[in-house]
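Okay, so here's the structure we're looking at.
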């Protein structure tokens, strides 16, 4: 066979394309990846009940559904932009391309703070639930922070070794979690409190009541993680459709699951008693409600899945933070040491270790202060993380408008302008309500300084980001020019680029 | 040969186990194969795409196979990143087979808990296997000028993240020297290494379970 004949013959199929297509992801795979990280049982058993207890709002169920609707609209523009920005999906690269580089660096700082808060807050839930389970079932009394530190140690090791939980194990766990959450919901709806089944907590009128901001941000916190779909855009069979479909499915499934199981809780206790019941039983509420009807086996199974789902979420957010620090280090926005990876495993080692140290510091601080793991760590810190992600989503939504303003890139009006404008307005409104009602969210007095301290931490992070962007522009214009472009287009960060060597450049 | 040396560099000299994570090995080996074809001026790289410059078959059978694959789909204008991903699926195995044919490695079953889990290509002679690493390390640390072939190998090492292994414990100036040296490579090689570095970095970010 001569090579000439090979090249001149019109080839019908491409060997390269076919071979690569085999290893690509379909919609179902992407949905599994992001939902496993979202860990549904963490939200239905932990987030929703703490939400009722601490905010005192009975509107939590409708809040989940409302946020799902808003995020679906947000996803329209977000996914449209992901088709044009080749980057592994960090919010900050979208914001820097849509709203300018200073905003991008500010967003990066907010993101690092927010995702760290999400991860570290989860240790509170993990420690408290595990220690409660050990005490109840085995009669072993271990303090929550010892359990949390045990989880921390495992996450620290898995983070550096990059041993992810196996995809199939995660998928089975996810399905089991959804099944058990659905089972519990059905069981408690079948045994309503006096007054029968009422839909009152799903009434949209709650969205206009006073304390709803706190409920809304609690709901946002439950959805954090769905934004990761776009990370896989380069690895899917059909990037145009797969990512969009996977994102909508993830939002719809989680939204319905969260909304309906939170509603089921209110049916079982009666809408007027849910807050009191949640305050009494905390994260045990759902298990207390189903115990008389399903027997001990399912309650234990539920507990175990609750603990594993918390752990999966911990590990997943740990990887998220590690990746964020890695990509910022690689673009030299943060010290380039953070861009180092482990040679043997490819784990973003420096980023992972940084996160681990931070988490250790916070855990020790909480243990020494004797603070409550559920209220002060799990709920306070994760909803603060949720607030940060809400800020990022609002900015990203605005960035989509900015990005398509200059060049429509053959996207429709709905994708470019209409949906992003609606999403920006809705997310902005939720953000305003949240900050306005942060005292309710924390369950503290409106004059308490903490009420401002938590939201202000993001303002400080954003300000530091803006200052840092200014310094980069003055000192390292080569790095400043490539902020948010990702490594594909970032000459300053690739040692093989054609850029003229700049005096005093350190690339060690 | 360049790909052989990269394979030796990226695998342990005594056990034959990889020193890098699987994606870096795959992309690095694919890049090493393409680098050989660039060096023999069979292919070039222009604006993210591979051009076939010389259709005459190379003497080496592996290079012949790869060039055939490149020529068969030259009209489809795949990007360098696509080619790296495609060739990477087989590149480590192909280079190992070439080393096996030349008698540099032998096959050994890899066992874990008494079960065979795979095959390892174990170097026959440790000194030959370690030579590329030793030579690069020695000369880079003394800031000696490198000739073309070694410079390409140094570039591949830097792109795949092996630089920290070769220059373990070296002062920052040595890394600086390596960075400076690879910038003097000719444009097609630098373009290849640019895409290799970016692809391996991307693999870290898009890692999935």
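Per DSSP helix of 4 or more residues, -39500 (n - 2.57); summed, then divided by the residues of chain A. What does that give at 222 nm, rounded to the nearest 500?
The helix contribution divided over chain A gives -23000 deg cm²/dmol.
Going by alpha carbons, how many degrees (0 to 90, nearest 10) lie between the helix axis of A:239-269 and the longest principal axis of chain A?
The answer is roughly 10 degrees.
Find how many whole Å separate the alpha carbon centroid of region A:367-433 from the alpha carbon centroid of region B:149-194.
Their Cα centres are 41 Å away from one another.
With every atom except the alpha carbons ignored, what do you get for Rg and Dmax of the protein assembly as shown, in angstroms?
Every Cα atom of the protein assembly as shown included, Rg and Dmax give 27.5, 87 Å.
Using Cα springs under 10 Å in a Gaussian network model of chain B, which residue among B:49, B:94, B:116 shows the largest mean-square fluctuation?
Largest GNM mean-square fluctuation: B:116.
Residues of A:337-349, mean number of Cβ from any other protein chain within 10 Å of their own Cβ, rounded to a whole number?
If you average over the peptide's residues, the count of other-chain Cβ atoms is 5.
At what distance in angstrom do the alpha carbon centres of region A:443-478 and region B:3-76 lie from each other?
That distance is 48 Å.
List residues of region A:398-420, by number, whose backbone nitrogen lies under 13 Å from a label position 7 Å along Cα→C-beta of residue A:240.
Hits in region A:398-420 for residue A:240 at 13 Å: A:410-412.
Once Rh is set to the Kirkwood radius over Cα pairs, what Stokes-Einstein translational diffusion coefficient, in µm²/s, holds for region A:230-310 at a temperature of 25 °C and a viscosity of 0.890 mPa s?
It comes out at roughly 160 µm²/s.
By how many nm would the segment from residue A:210 to residue A:137 grow when fully extended, if each residue of separation counts as 0.36 nm and the alpha-carbon distance is taken off?
22.2 nm
Mind giving me the nanometre distance, one decimal, between the label points for residue B:97 and residue A:154, set 7 Å out from Cα along Cα→Cβ?
Between residue B:97 and residue A:154, the simple spin-label model gives 4.3 nm.
Give, to the nearest whole percent, the P(r) tail of region A:363-405 beyond 14 angstrom, counting all Cα pairs.
Within region A:363-405, distances greater than 14 Å cover 62 percent of Cα pairs.
With 10 angstrom as the radius, rank B:41, A:237, B:190 by how many other C-beta atoms surround their C-beta, starting from the fewest.
Result, fewest neighbours first: B:41, A:237, B:190.
When you take every Cα atom in region A:12-102, what is the radius of gyration, and what is Dmax, the widest Cα pair distance, in Å?
Calculated on Cα positions, Rg and Dmax stand at 19.0, 64 Å.
Report, in degrees rounded to the nearest 10, the 0 to 90 angle that the Cα long axis of helix A:144-161 makes with the longest principal axis of chain A.
20 degrees
State the antiparallel share, in %, of DSSP beta bridges confined to the protein assembly as shown, rounding to the nearest 5.
95 percent
With a 10 Å Cβ neighbour count serving as the proxy for reagent exposure, in which order, fewest first, do B:1, B:126 appear?
Taking fewest neighbouring Cβ atoms as first place, the list is B:126, B:1.
Report the rotationally averaged projected area of region B:63-209 based on its alpha-carbon convex hull, in square nanometres.
One quarter of the hull surface, i.e. the mean projection, equals 11.9 nm².
Hey, how many Å between the Cα centroid of region A:295-336 and the Cα centroid of region A:116-185?
9 Å
At residue B:68 and residue B:176, where each label point lies 7 Å from the Cα along Cα→Cβ, what is the point-to-point distance in nanometres?
Taking the simple label geometry, residue B:68 and residue B:176 are separated by 5.0 nm.
Give the angle, between 0 and 90 degrees and rounded to the nearest 10, that separates the Cα long axis of helix A:349-369 from the longest principal axis of the Cα atoms of chain A.
Result, in degrees: 20.
For residue A:21 paired with residue A:276, estimate the spin-label separation in nm (one decimal), with each label point 7 Å from Cα along the Cα-to-Cβ line.
The modelled label-to-label distance comes out at 6.3 nm.
Can you tell me the FRET efficiency between residue A:448 and residue B:60 if r is taken as the Cβ-Cβ distance and R0 is 60 Å, rounded to the nearest 0.05?
That pair, residue A:448 with residue B:60, gives E of 0.20.
What ranking of A:144, A:468 emerges when the number of other C-beta atoms within 10 Å of each C-beta is taken as an exposure proxy, fewest first?
Listed from fewest to most nearby Cβ atoms, that is A:468, A:144.
Read the figures in this text as sums done on the coordinates, not as results from a lab. These numbers were taken from a predicted model, which means no experiment stands behind them. All Cβ positions, even for glycine, are placed from backbone atoms using ideal geometry, and neighbour counts span all protein chains on display.
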